[in-house]
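**Student:** Questions regarding the structure given below will be posed in turn.
The values are calculated or read from the model by the stated rules, or taken from the named source; none is laboratory data. What you see is a predicted model, and the numbers here were worked out from it, not measured in a lab. Using ideal geometry, Cβ is built from the backbone for each residue, glycine included, and neighbour counts are taken over all protein chains shown.
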């Protein structure tokens, strides 16, 4: 069992030693600092959030996505052809993102996330996974613009993001995770997701994961598990029907077991989490489980996120004792 | 109140700068709560005067004393704490209510404000409440075992508040449920909670929802236990009208004809066209006209400009109908 994060980490809040990122962005907006200075503070914050994840007991971390405005803009602004439009709600949360709109042919212009990935690796005593917003989800959360429809946009994005994935592989990423929460909401995209998954993972020899959240994949599960990824991340908090799909979880695959609510401050008792791990262990060998929160932690105040990650590690320790 | 195309507002109006400054000063301990309240009373009177000058029919107090439609209620209820900072988008953060115990109400929350506002005008003033589904959805929950328990407990509190408003003389009570539009599949739960609030009320009841994908839950939408549905229409190109076309409802509908996220003051002609579209589907005695949503994010100038054109458009259509 590997204790890990899904993606984002709260950018600000206690405990904090790095200079305030929030104040830095205000100063940037007011013209008092330049982009380079902001970048330096983001880098320091990245080091801090990696340290906090490690201290909380995570065995594989992410860079916390400190440099990401949101899961869509971060990639879209690095891809030629995208314009970034107005704010729009992210699924059913109270978090908003700026909606990308393709205004011309999309082209990969060079690595988007590699510099941030290298910084994270250099700052972390634990392995760091690389995260890419998947082509179906990025297409669904954008307007289709000059591509006309979601499928055409997703197919193009799969080509573009494949180049990004290859660059992250080149940078040494031991695991590349594709975020595809949109499949939970738009299950009719399953055939499209299958098609673009083959495109986006082409040439990858490193391990790959697909992560979903905010719901279940029950109605598409057998097809989903056939996709060319090693790890399948599921949200068992906001998608309890995911427990049912474990009955036919392929034994050669690995499970991302999202059992700690990333959208609520309540700290789950250890026993409750251990019970979830026990339940999963009936269907999936524990050495094939990536234990995590149900989603990224951007929806929580940082002080709650820290406590929750510590509790998750505690539950993992306890589960290893009692289920060994 | 006029019987043909009565006009109203959804709730909030922009706060004058002196309120924003005074709220900061209060937080810094530089002024007393009483001093802030003096200014809030002044601002309410200002907006009542504007609505009267515009010749609007059903008035609101403009929510000068509410920071946020959920936090305002949670701060005046028992069982709630307030969270650390959560990111909303970009560099914007807010604090979320947290249910930490059984929710309760010490005393009436909005009644004094309603009485004060009603005393300023001969026109009816709406009692304005946030609904149980929305309060729960926009809060963290560390106490209740299920969302449903949390929502139904809140419904009982909001009912008490609605009854207090009615006892004080309110003839119109609006219960806002904007969160429902983000999760239409929970319309049934929201409806049951709303039923608890409105049961036995003699007042004319309204619920406001933002634009959502209501096609699959249309029957539940029109069966909501209120007298009037207040719906965003203009910002979605009046798409919701198509759901009503061919499905007559005995509900009153209040149709939003001003996009509150647009800085532009819509020309009279454009609003007239929107109202005419509404009249293809609804009878003029059953159709209220209002902005899409609260106007608090617009400037006072934009707000008054938009409302003035809305009133001019309503006047023109009333003339065509031979009424008003």
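**Student:** Do the conditions hold for residue A:4, that is, is it crowded, with 23+ Cβ neighbours inside 10 Å, away from chain B (no Cβ under 14 Å) and under 15 Å from the mean Cα position of the chain (by Cα)? Can you show your working first?
**Tutor:** Numbers: crowded, with 23+ Cβ neighbours inside 10 Å: yes; away from chain B (no Cβ under 14 Å): yes; under 15 Å from the mean Cα position of the chain (by Cα): yes.
Taking the combined requirement at face value, the residue satisfies it.
**Student:** Is one or more of the residues making up segment A:123-139 under 19 Å from residue A:210 (Cβ atoms), surrounded by fewer than 19 Cβ atoms within 10 Å (Cβ to Cβ) and away from chain B (no Cβ under 14 Å)? Before the answer, list the steps.
**Tutor:** Let us first name the residues in segment A:123-139 that are under 19 Å from residue A:210 (Cβ atoms), namely A:127-139.
From what is left, the residues that are surrounded by fewer than 19 Cβ atoms within 10 Å (Cβ to Cβ) are A:127.
Subset that is away from chain B (no Cβ under 14 Å): A:127.
Checked against the condition, which is being under 19 Å from residue A:210 (Cβ atoms), surrounded by fewer than 19 Cβ atoms within 10 Å (Cβ to Cβ) and away from chain B (no Cβ under 14 Å), segment A:123-139 yields at least one hit.
**Student:** Still on this structure, I have one more. If you check A:218, A:139, which single one turns out to be farther than 20 Å from residue A:84 by Cβ, touching a helix residue (DSSP H, G or I) at 6+ places or on another chain (Cβ under 8 Å) and at pLDDT 95 or above?
**Tutor:** On the way: A:139 fails: farther than 20 Å from residue A:84 by Cβ.
Answer to the selection: A:218.
**Student:** Now a separate question. Sort out for me the strands (runs of 3 or more DSSP E) sitting completely within segment B:206-324 that have 2 or more residues that are without any contact (Cβ under 8 Å) to a residue 40 or more places away in the chain. Lay out the reasoning, then the answer.
**Tutor:** On the way: elements: B:228-231, B:252-256, B:287-290.
Strands (runs of 3 or more DSSP E) meeting the threshold: B:228-231, B:252-256.
**Student:** For segment B:5-20, name all the residues that are touching a helix residue (DSSP H, G or I) at 6+ places or on another chain (Cβ under 9 Å) and over 19 Å from residue B:51 (Cβ atoms).
**Tutor:** Hit for segment B:5-20 is B:18, nothing else.
**Student:** Right, something else. Out of curiosity, is residue B:135 assigned to a loop (DSSP other than H, G, I, E, B), within 17 Å of the chain's Cα centre (by Cα) and surrounded by 17 or more Cβ atoms within 10 Å (Cβ to Cβ)?
**Tutor:** Numbers: assigned to a loop (DSSP other than H, G, I, E, B): no; within 17 Å of the chain's Cα centre (by Cα): yes; surrounded by 17 or more Cβ atoms within 10 Å (Cβ to Cβ): yes.
Here the answer is no, as residue B:135 does not meet what is asked.
**Student:** Next question, about the same structure. From the list A:246, A:204, A:257, which residue is assigned to a helix (DSSP H, G or I) and either free of Cβ contacts under 8 Å to residues at least 24 places away in the same chain or more than 14 Å from chain B (Cβ to nearest Cβ) (or both)?
**Tutor:** On the way: A:204 fails: assigned to a helix (DSSP H, G or I); A:257 fails: assigned to a helix (DSSP H, G or I).
None of the others qualify; the one that does is A:246.
**Student:** If I ask for residues that are assigned to a loop (DSSP other than H, G, I, E, B), more than 16 Å from residue B:91 (Cα to Cα) and in contact with a strand residue (DSSP E or B) (Cβ under 9 Å, 6 or more places away or on another chain), which ones from segment A:1-16 would you list? First the steps, then the outcome.
**Tutor:** From segment A:1-16, those assigned to a loop (DSSP other than H, G, I, E, B) are A:1, A:5-16; that's our starting set.
Narrowing the set further to residues that are more than 16 Å from residue B:91 (Cα to Cα) leaves A:1, A:5-7, A:14-16.
Passing the criteria: A:1, A:5, A:6, A:7, A:14.
**Student:** Name every residue in segment B:41-87 that is outside any helix (DSSP H, G or I) and closer than 16 Å to residue B:134 by Cβ, in order of residue number. Reasoning before the result, please.
**Tutor:** Just the residues of segment B:41-87 that are outside any helix (DSSP H, G or I), to begin with: B:54-70, B:76-87.
B:63, B:66, B:67, B:68, B:69, B:70, B:76, B:77, B:80 - these are the residues of segment B:41-87 that are outside any helix (DSSP H, G or I) and closer than 16 Å to residue B:134 by Cβ.
**Student:** Test residue B:144 against the stated conditions and say whether it is buried (at least 17 other Cβ atoms within 10 Å of the Cβ), touching a helix residue (DSSP H, G or I) at 6+ places or on another chain (Cβ under 6 Å), more than 8 Å from chain A (Cβ to nearest Cβ) and touching a residue at least 60 places away in the same chain (Cβ under 8 Å). Let's see the steps before the verdict.
**Tutor:** Values: buried (at least 17 other Cβ atoms within 10 Å of the Cβ): yes; touching a helix residue (DSSP H, G or I) at 6+ places or on another chain (Cβ under 6 Å): yes; more than 8 Å from chain A (Cβ to nearest Cβ): yes; touching a residue at least 60 places away in the same chain (Cβ under 8 Å): no.
Here the answer is no, as residue B:144 does not meet what is asked.
**Student:** Please tell me if residue B:159 is over 24 Å from residue B:292 (Cα atoms), crowded, with 17+ Cβ neighbours inside 10 Å, within 10 Å of another protein chain (Cβ to nearest Cβ) and modelled with pLDDT of 95 or more. Give the derivation first.
**Tutor:** Details: over 24 Å from residue B:292 (Cα atoms): yes; crowded, with 17+ Cβ neighbours inside 10 Å: yes; within 10 Å of another protein chain (Cβ to nearest Cβ): no; modelled with pLDDT of 95 or more: yes.
No; evaluated as a whole, the condition is false for this residue.
Here's the yes/no breakdown for (1) under 21 Å from residue A:94 (Cβ atoms); (2) modelled with pLDDT of 95 or more; (3) in a loop (DSSP other than H, G, I, E, B):
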| position | (1), (2), (3) |
| --- | --- |
| A:284 | no, yes, yes |
| A:292 | no, yes, no |
| A:296 | yes, yes, yes |
| A:304 | yes, yes, no |
| A:310 | no, yes, no |
| A:313 | no, yes, no |
| A:318 | no, yes, no |
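**Student:** Does residue A:98 meet the test of being within 14 Å of chain B (Cβ to nearest Cβ), in contact with a helix residue (DSSP H, G or I) (Cβ under 7 Å, 6 or more places away or on another chain) and under 21 Å from residue A:45 (Cβ atoms)? Can you show your working first?
**Tutor:** Numbers: within 14 Å of chain B (Cβ to nearest Cβ): yes; in contact with a helix residue (DSSP H, G or I) (Cβ under 7 Å, 6 or more places away or on another chain): yes; under 21 Å from residue A:45 (Cβ atoms): yes.
Taking the combined requirement at face value, the residue satisfies it.
**Student:** Determine whether segment A:220-233 contains at least one residue that is under 15 Å from the mean Cα position of the chain (by Cα), away from every other protein chain (no Cβ under 14 Å) and touching a residue at least 60 places away in the same chain (Cβ under 8 Å).
**Tutor:** Quick first cut of segment A:220-233, residues under 15 Å from the mean Cα position of the chain (by Cα) only: A:229, A:231-233.
Those left that are additionally away from every other protein chain (no Cβ under 14 Å): A:229, A:231-233.
Filter once more, so that each one left must be touching a residue at least 60 places away in the same chain (Cβ under 8 Å): A:233.
Taking every residue of segment A:220-233 in turn, at least one turns out to be under 15 Å from the mean Cα position of the chain (by Cα), away from every other protein chain (no Cβ under 14 Å) and touching a residue at least 60 places away in the same chain (Cβ under 8 Å).
**Student:** Based on this model, can you work out whether residue A:214 counts as surrounded by fewer than 22 Cβ atoms within 10 Å (Cβ to Cβ), in contact (Cβ under 8 Å) with a residue 12 or more places away in the chain and either over 26 Å from residue A:137 (Cβ atoms) or within 14 Å of chain B (Cβ to nearest Cβ) (or both)?
**Tutor:** Values: surrounded by fewer than 22 Cβ atoms within 10 Å (Cβ to Cβ): yes; in contact (Cβ under 8 Å) with a residue 12 or more places away in the chain: yes; either over 26 Å from residue A:137 (Cβ atoms) or within 14 Å of chain B (Cβ to nearest Cβ) (or both): yes.
Answer is yes for this residue.
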